[in-house]
Amino acid sequence: MQSASEPVRTATQHNVRAVLSRPGFRRLLGTRLLSQVGDGWFQAGLAGSVFFNPERAATPLEITTGFAVLLLPYSVLGPFIGVFLDRWSRRSSLAVSNVARAAFVVPAAICVWSAQYNALFLLSALAVTALNRFFLTGNSAAIPHVVDAPRLVTANSFASTAGTVCYTASLATAAFAINVLGTGQQHYALVSVVGTVCYLASAVLLVSWFSSGALGPDDAQRPANSVLSGVRDTVLGMVAGLRHLARRPKAGAVLLTQAGHRFFFGLLTLGTLLLYRNHYSHGDAEASLTGLIPVAAAGAVGSLVAALLTPPMVRRLGPVRWLVALTAALSVLVPALGVEFLPVLTVAGSLVVTFAAQATKIITDTTLQVQADDDYRGRVFSVNDTGFNISFVLGLLVASLMLPADGVSVTAIVATGGGYLVLALAYGYASLRIARDQARPRSRAHASSSASATSGVSGPRSNRSSLR
């Protein structure tokens, strides 16, 4: 007997085969995967030189700066990228952005080679990561030109998943190369330079495989206003998105709750890096990198389990109760697993914290999709994307100011647990208030309709009274 899931699985496989049968999609996907392999090698060299360099003791503030360089371009520039991608040839935009990234890798690698972590290093790394957002967004915007509309969801999902797999695999292979070559300045620089080769190869393939207008935008759909007007409209659009959220208290409450989760996630992330860099491995860079592999694996398992369990738990408990329960559980589990500062407990902590963080993201995204009007949804998600990364970096910043160099701080762990408890209580209370406020107008409307019905059956006397 055929199970109910088999037709869905067959349809999914059919869609994937149909998408991969399109030469344009395969070529566009190939340029993306090659570029993301370059991202993995470049960022592995960059992160290794800053976080796990035996020749220099990375302070918590320096680690926070490294994360900020990697993440803030995604947050600040993301909403404005469409202004340019909707006006310029996307093939040319993608090719030029990768050539520019290849060029900016060179001064960053030279700075790593010479151990000069100065303004040139920061600006070069910032440019590479900022252009990465430009490339990925443009690549996604070009997919409708190489895939039929009914299979866009499959194409987007497959491209995103394949890109993540390639990026993660390239990080792993780069880490292996560092272990083989040794953890020195020159070796980190050589690993970073591999990104240049990948970026240039991706640019060459884009120009070779696609004509100038093949990936859009279509001439009829190019905006007529200027770039400055487009930037201004984007700013005004985000302001309008914030105002729309203010009129949707459920969406605003869950958005703030996710920001709180990301803040504490950033704090715990830096604490974990410091523990493996300076406490568990006693400064051994290779042991630090090896020790973090189980942490990353536990985080991946936590994300997967959250994706599987959250939908049925939301159907059973509702999104508010499930999110409150998860957040309250972290207020107990984080101190219980964290205060002993043992590697096995840190791995377990990574699993539960990542599980709750991923579940929170699923609930937040779904709530925003339901609560936000369709014509505001893009602007609301731009606000969400910006706040998502900024909250994480703020958590890193606070951690860098309060944690010691080895990451061992019972006070910080207990305070984080208390923070999760406050967050759970605040979200639960806010949700109750919102539900009550939204129920009052319905109660009044029901009372008014009941009074009208009573008035209607009371006969001519009540009619004469109303006329008076």
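The values are calculated or read from the model by the stated rules, or taken from the named source; none is laboratory data. Computed from a predicted model, the values in this text were never measured in an experiment. For neighbour counting, all protein chains shown are included, and Cβ atoms are generated from backbone atoms with ideal geometry for every residue, glycine included.
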- Inspect region 315-325 for any residue being in a helix (DSSP H, G or I) and within 24 Å of LEU342 (Cα to Cα) and give the result as yes or no. no
- In region 30-44, is there at least one residue being modelled with pLDDT under 90, aliphatic (A, V, I, L, M) and surrounded by fewer than 23 Cβ atoms within 10 Å (Cβ to Cβ)? no
- Item | Contacts under 8 angstrom Cβ, first residue in region 409-433 being more than 15 Å from THR360 (Cα to Cα) and part of a helix (DSSP H, G or I), partner acidic (Asp, Glu) and at pLDDT below 95, 6 or more apart | none
- Task: Would you confirm whether any residue within region 48-68 is modelled with pLDDT under 70, surrounded by 18 or more Cβ atoms within 10 Å (Cβ to Cβ) and farther than 23 Å from ASN389 by Cβ?
- Result: yes
- On the given criteria, is PHE355 modelled with pLDDT of 90 or more and over 19 Å from SER409 (Cβ atoms)? yes
- Note: among ASN156, ASN179, ASN139, just one is modelled with pLDDT under 80 and either over 26 Å from VAL112 (Cβ atoms) or within 27 Å of the chain's Cα centre (by Cα) (or both), namely ASN156
- Task: For SER281, indicate whether it is without any contact (Cβ under 8 Å) to a residue 12 or more places away in the chain, out of contact with any Pro (no Cβ under 8 Å at 6 or more places or on another chain) and crowded, with 19+ Cβ neighbours inside 10 Å.
- Result: yes
- Message: Within region 398-408, does at least one residue satisfy the condition of being hydroxyl-bearing (Ser, Thr, Tyr), at pLDDT 90 or above, crowded, with 19+ Cβ neighbours inside 10 Å and under 28 Å from VAL76 (Cα atoms)?
- Response: no
- If we ask which residues in region 86-110 are over 12 Å from ALA141 (Cα atoms) and of a type in the set (Ser, Thr, Tyr), their number turns out to be 2
- Query: Exactly one of (1) more than 25 Å from PHE176 (Cα to Cα); (2) free of Cβ contacts under 8 Å to residues at least 60 places away in the same chain; (3) within 18 Å of the chain's Cα centre (by Cα) is unmet by LEU268. Its number?
  - Reply: (2)
- Task: Take the residues in region 228-268 that are in contact with a helix residue (DSSP H, G or I) (Cβ under 7 Å, 6 or more places away or on another chain) and among the β-branched types (Val, Ile, Thr), then tell me which one is modelled with the highest pLDDT.
- Result: THR257
